[in-house]
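Remarks on the structure that follows.
The values are calculated or read from the model by the stated rules, or taken from the named source; none is laboratory data. As the structure is a computational prediction, the values presented were derived from the model and not from experiment. FYI the Cβ positions are ideal-geometry reconstructions off the backbone, even for glycines, and counts take in every protein chain you see. Areas reflect the complete protein model, heavy atoms only, side chains present, ligands, DNA and RNA absent. Shrake-Rupley method; radii C 1.70, N 1.55, O 1.52, S 1.80 Å.
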Amino acid sequence: MKRQIKDPLGHRIKKQRNHCIACAIAAALLCLLCACGGQASLRQDANAPDRPGTEGENALSAETPGPAAASGSDLIPLSQETDKGRYTVGQTTDPESTNDLLCYIDYDLAQEIPLCAQPSCSHDSDACTAFVESGKKAMAPQTGDGGAIFFKMENEEIEEADGSLQEEIWAADADGSNRRLLVRSTTGSGGYSPVAEDDTFLYYFYGFTREGNGGTPERGQRLARVPLAGGESEDVFSWDDSGAGVGYEFWGVSGREVAVYRCDWGGSFGIDAPLSEIDAAIDAQGEQRLPQMARHSVLLVHIDTGMQRELDAWDSAFGSAGRYCLWENGRLYWCADSVYGPIHWLDADGQSGELAALPEKSNDENAVYTLDRIVQGRLLVNIRSPETGSVSRCAIELSDESADEPADGGSAGSAIPLTLRYLQGTSEHPVPIEGQGETGILVMYEEGMEQSTGFHEDGTVKNGLSVTMRYGMISYEDFFASRPNYRPVEMPYGFRG
């Protein structure tokens with residue numbers, strides 16, 4: 001698959017599963033807020049539901065219990081991955097009018113397919129259930145229980161009064177049909193992100209801005225929900241301190257609780273702080289060894305009662321998140337971001353321990369150990385050496401963990417090395433995992449760049465860069481044995497997240 005890009009240095013396909021350090025740095029630098037059977041109408045419904053007002057209507061403070069839920073079932077986190085394939089967004093093949101297409105990578109067929117069941121469909125109009133109308137950008141669909149998909153769309157042709165683009169959350173049946181609008185943004189809100197469902201509601205996060213005392217804008221983050229059948233949305237929980245050095249990020253679920261990561265840099269830098277000021281603080285940190293400047297915590301919010309509890313908390317110095325974290329299956333895994341040591345785990349009920357096995361200790365004393373994901377009961381750990389720029393990967397069996405007493409750290413080198421690599425530019429890296437199915441894994445196993453030359457309308461030379469990415473399916477047996485037996489996956493419509 002080829003894709004033209006304008007910024008090859010910033011180009012990344014693999015979405016990192018570990019958000020801890022990314023969120024912390026983003027908070028420090030930016031003070032973040034914080035996937036054709038019948039005709040599908042993509043036009044906006046004038047009577048479609050907006051979300052609650054941004055001036056506090058239906059909003060709940062961090063201390064106020066939320067509304068009672070109509071369902072007692074466990075929350076199901078949304079994911080682009082299913083046992084049979086992975087939802088993604090491609091584009092129409094007409095070079096004159098590229099529109100987004102909702103697509104699905106079928107693992108058995110090893111092929112990317114538009115979410116359209118209509119025979120001989122050209123996928124270029126509203127008659128196609130995969131087609132996204134011009135002026136809108138779709139985010140990759142996700143699903144919870146597999147009965148429906150949910151995806152966000154940005155309307156590039158409609159701006160709110162504050163200059164932000166209008167955002168929408170849509171739902172559809174698993175095959176792309178029966179598309180319906182659930183939520184539409186209003187002025188002062190944005191960053192909508194669907195995250196989980198139960199048998200009654202879809203749950204989503206969004207950020208808001210409102211005028212505070214003295215006219216100073218106040219920013220916050222809210223967890224909200226909307227009935228799956230459609231109707232009025234309501235806020236479940238609100239954090240009113242986001243945007244002043246404080247950021248929030250959804251990590252996962254446990255039962256009826258939502259796990260949220262919070263980073264607080266103490267408001268040291270405003271949203272318009274110059275980079276020179278931030279750079280000076282980093283230099284001062286290195287020279288003067290200033291005291292710890294940031295507070296991090298993992299919060300669990302019960303969506304029925306609105307009660308919030310702190311599962312874990314730690315401090316870090318400026319420029320560091322202190323830990324690399326991974327939330328999987330209702331459990332938090334973490335390791336220190338600057339010191340070689342054990343990998344810890346912590347359950348939502350407070351039970352904790354350490355893994356008996358550890359990655360091989362790198363010869364580089366400044367090596368960074370990051371937690372990637374869990375694959376068939378094995379925790380994948382990436383080891384990056386700043387000294388050489390190399391990255392290696394190993395797999396740690398989780399069945400040896402102790403839930404009663406922390407292990408002593410085990411013997412270094414007891415993890416299984418994984419040596420499947422791909423070349424990115426001039427550097428080799430572990431193959432990125434894009435999805436997991438019943439019988440195998442979707443990976444990107446090759447990436448190449450080619451220079452291209454053309455001409456602008458005025459006759460001047462136009463230079464471009466073409467990036468070719470190849471994806472393939474590999475069995476679990478071959479993956480853990482590091483055998484590159486890839487079955488190529490056809491990507492005729494491209495691949496975007």
Taking the condition more than 21 Å from ILE76 (Cβ to Cβ), of a type in the set (A, V, I, L, M) and out of contact with any helix residue (DSSP H, G or I) (no Cβ under 9 Å at 6 or more places or on another chain), does VAL132 pass?
yes
Quick check on region 281-298. Is at least one of its residues open to solvent by 20 Å² or more (accessible area, probe 1.4 Å), out of contact with any strand residue (DSSP E or B) (no Cβ under 7 Å at 6 or more places or on another chain) and modelled with pLDDT of 70 or more?
yes
Please count how many residues of region 192-202 are part of a strand (DSSP E or B) and crowded, with 19+ Cβ neighbours inside 10 Å.
7
Could you grab me the full set of residues in region 77-135 that are of a type in the set (Phe, Trp, Tyr) and open to solvent by 30 Å² or more (accessible area, probe 1.4 Å)?
TYR104
Residues that are assigned to a loop (DSSP other than H, G, I, E, B) and either within 30 Å of ILE76 (Cβ to Cβ) or open to solvent by less than 20 Å² (accessible area, probe 1.4 Å) (or both), drawn from region 358-382:
PRO359, ASP364, ALA367, GLN376, GLY377
Residues (surrounded by fewer than 20 Cβ atoms within 10 Å (Cβ to Cβ) and either within 26 Å of ILE474 (Cβ to Cβ) or at pLDDT 90 or above (or both)) located in region 385-397:
SER385, GLY389, SER390, VAL391, GLU397
Could you grab the pairs with beta carbons closer than 6 Å, sequence gap of 6+ or different chains, first residue in region 432-452 and within 12 Å of ARG470 (Cα to Cα) and of a type outside the set (Asp, Glu), second one modelled with pLDDT of 90 or more and not in a strand (DSSP E or B)?
VAL443/VAL431; MET444/PRO432; TYR445/VAL431; TYR445/TYR486
